[in-house]
1. If you go through segment 72-107 one residue at a time, how many are at pLDDT below 90, surrounded by 14 or more Cβ atoms within 10 Å (Cβ to Cβ) and of a type in the set (A, V, I, L, M)?
2. Evaluate segment 98-109: report whether one residue or more is touching a residue at least 12 places away in the same chain (Cβ under 8 Å) and under 10 Å from the mean Cα position of the chain (by Cα).
3. Are there any pairs, at least 6 apart or on different chains, whose C-beta atoms fall under 7 Å, with the first in segment 28-40 and at negative phi and surrounded by 15 or more Cβ atoms within 10 Å (Cβ to Cβ) and the second of a type outside the set (Val, Ile, Thr) and assigned to a helix (DSSP H, G or I), and if so, which?
4. Can you tell me which residue within segment 43-82, out of those that are touching a strand residue (DSSP E or B) at 6+ places or on another chain (Cβ under 8 Å), assigned to a loop (DSSP other than H, G, I, E, B) and not small (Gly, Ala, Ser), is farthest from Ser119 (Cα to Cα)?
5. For residues in segment 54-95 being of a type in the set (Gly, Ala, Ser) and more than 7 Å from the ligand (Cβ to nearest atom), which is farthest from Val44 (Cα to Cα)?
6. Does Arg110 meet the test of being surrounded by 12 or more Cβ atoms within 10 Å (Cβ to Cβ), within 10 Å of the ligand (Cβ to nearest atom) and of a type in the set (Lys, Arg)?
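The values are calculated or read from the model by the stated rules, or taken from the named source; none is laboratory data. Predicted model, so just to flag it, every value in this text is computed and none were measured. Methodologically, a virtual Cβ is constructed for each residue, glycine included, from the backbone with ideal geometry; neighbour enumeration extends over all protein chains shown.
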Amino acid sequence: MRYAIPLVVLMISVAPVARAADVAAGRAIFDTTCGNCHSLRVGVNEVGPSLWHVIGRPAASVPGYMYSNAMKRMDTNWTKEALNAYLAEPRADVHGAEMFFKGLPNARDRANIIAYLQSQQ
Ligand code: HEC
């Protein structure tokens, strides 16, 4: 009779662990960039619409804000993925959008700002 020997498998993760997005770094980006045009407070529209609870909401849905026609035609929800694509190159994504800032070409910056926006919801 053979004895079944339990095999203990040690799970050692060797995959590079993606660093968690950095909320504090995201806040710094917000304060120096987005905050010039956006508020995170509900109902406070400035140059751009309030970004209160932006993650998950439909594009162009803040009451009382005059969106461009291009933004109004955007049939999207601001998922993290959609925000990531939009913030990489805002004017390319929404043709004619009035969001005249050059975007955040650095993927890490985008991850951080999205983490910060999410931390504010
Ligand atoms: C120079 C001013 C300006 C800056 C800086 C700016 N935005 Fe905007 N943003 C706008 C304007 C204006 C709109 C509305 C565009 C339209 O109607 O086409 C907008 C729209 C948006 C929207 C769509 C909102 C909605 O209700 O659908 C998101 C999301 C957004 N901005 C995020 C950001 C983030 C994040 C940053 C910083 C990384 C940023 N913006 C920086 C002016 C700005």
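1. 4
2. Checked segment 98-109: at least one residue is touching a residue at least 12 places away in the same chain (Cβ under 8 Å) and under 10 Å from the mean Cα position of the chain (by Cα).
3. Ile29/Asp109; Ile29/Asn112; Phe30/Tyr116
4. Pass one, segment 43-82, residues touching a strand residue (DSSP E or B) at 6+ places or on another chain (Cβ under 8 Å): 56-59, 76-78.
This time we only want the ones that are assigned to a loop (DSSP other than H, G, I, E, B), so: 56-57, 59, 76, 78.
Right, trim to not small (Gly, Ala, Ser) and you get 57, 76, 78.
On the way: Arg57: 15, Thr76: 21, Trp78: 15 Å.
Of everything passing the filter in segment 43-82, Thr76 is farthest from Ser119 (Cα to Cα).
5. Filtering segment 54-95 for residues of a type in the set (Gly, Ala, Ser) gives 56, 59-61, 64, 68, 70, 82, 85, 88, 92.
Applying the additional criterion that residues be more than 7 Å from the ligand (Cβ to nearest atom) yields 56, 64, 82, 85, 88, 92.
Values: Gly56: 18, Gly64: 10, Ala82: 23, Ala85: 25, Ala88: 25, Ala92: 26 Å.
In this case the residue turns out to be Ala92.
6. On the way: surrounded by 12 or more Cβ atoms within 10 Å (Cβ to Cβ): yes; within 10 Å of the ligand (Cβ to nearest atom): yes; of a type in the set (Lys, Arg): yes.
When the stated conditions are applied, Arg110 passes them.
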